[in-house]
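Working notes for the structure below.
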Amino acid sequence: MTSVAAAVTAATQTHGFLSPTGVEIAFLLVGLVTFGAAIVTVTTKQLVHAALWLVVALGGLAVEYLLLTAEFIAWVQVLIYVGSVVVLLLFGLMLTRAPIGRSPDADSGNRWAALTVAVAAAAALVWVVVDAFRTTWVDLDGVPQGTTAVTGSILFQHWVLPFEALSVLLLAALVGAIVLSRRTARAQDTNTKAREGNR
């Protein structure tokens, strides 16, 4: 009799795809919002709007990390990506004097090629993730896996080189934006002087 009661209790505690919990429903809804923001980011023709929608997409990812009990990674997502990368993009847009409004130059005419590459990359990424974590489940009620100690240990043991390479890449992007803005300013000054000399 005790084994039957234990089996019934275990059956009521387990749940499948047809009986999701509140965390799983919130995860799905936030994921849909994040996906929609990402689609708008790559389809809008206004560069500043694309950067702002990127904030929404990256913020949605931070919420997803919170729902997976990875608080440290969620705050890193907010501080580094939302707080630094998007600000870097906006500074790059301002320094290169990119058009603020609707820009027809933002469309290169290679939409179908870009869509094909994006779908292929997404399919490859999904296949790799599913194949790598096929039997891995995140225990939301167990020991937190996204704590500072666990994440710092993994980051500084296995991912130091990619982390530093990303830092150098972002610095190079900012320096490149400054160089391009100075060249544009010098070219405009030269053109202005040439026009004044012709007059």
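The values are calculated or read from the model by the stated rules, or taken from the named source; none is laboratory data. Keep in mind the model is a prediction, meaning the values are calculated, not measured. Quick reminder, even Gly has a Cβ in these numbers, built from the backbone with ideal geometry, and neighbours come from all protein chains shown. Accessible surface is based on the protein model in full, side chains and every heavy atom, while ligands, DNA and RNA are left aside. Shrake-Rupley method; radii C 1.70, N 1.55, O 1.52, S 1.80 Å.
Whether any residue in the range 180-196 is of a type outside the set (Ser, Thr, Tyr) and at pLDDT 80 or above is what I want to check.
no
Pull out all pairs, ordered by first then second residue, where Cβ-Cβ is under 7 Å, the residues are six or more apart or on different chains, the first lies in the range 39-64 and is more than 24 Å from residue 75 (Cα to Cα), and the second is among the charged types (D, E, K, R).
Every condition considered, the pairs that remain are 45/102; 45/107; 46/102.
Do you know which residues across the range 112-121 are loosely packed, with under 11 Cβ neighbours inside 10 Å and either at pLDDT 90 or above or in contact with a helix residue (DSSP H, G or I) (Cβ under 9 Å, 6 or more places away or on another chain) (or both)?
119, 120, 121
Among the numbered conditions (1) within 18 Å of the chain's Cα centre (by Cα); (2) open to solvent by less than 60 Å² (accessible area, probe 1.4 Å); (3) at pLDDT below 85, tell me where residue 124 comes up short.
The failed condition is (3).
When the range 128-157 is examined, which residues are found to be open to solvent by 100 Å² or more (accessible area, probe 1.4 Å) and modelled with pLDDT of 80 or more?
The one that is open to solvent by 100 Å² or more (accessible area, probe 1.4 Å) and modelled with pLDDT of 80 or more: 157.
Considering each of 68, 47, 29 in turn, give the residue that is more than 16 Å from the chain's Cα centre (by Cα), modelled with pLDDT under 90, hydrophobic (A, V, I, L, M, F, W, C) and over 22 Å from residue 136 (Cβ atoms).
Exactly one residue qualifies, and that residue is 47.
Rundown of residues vs (1) over 30 Å from residue 153 (Cβ atoms); (2) at pLDDT 85 or above; (3) touching a strand residue (DSSP E or B) at 6+ places or on another chain (Cβ under 8 Å); (4) outside any loop (DSSP other than H, G, I, E, B), yes/no style:
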| position | (1), (2), (3), (4) |
| --- | --- |
| 8 | yes, no, no, yes |
| 15 | yes, no, no, no |
| 38 | yes, yes, no, yes |
| 61 | no, yes, no, yes |
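Given the conditions (1) among the polar types (S, T, N, Q); (2) open to solvent by 60 Å² or more (accessible area, probe 1.4 Å); (3) modelled with pLDDT of 85 or more, which single one is not true for residue 108?
Of everything listed in (1) among the polar types (S, T, N, Q); (2) open to solvent by 60 Å² or more (accessible area, probe 1.4 Å); (3) modelled with pLDDT of 85 or more, residue 108 misses just condition (3).
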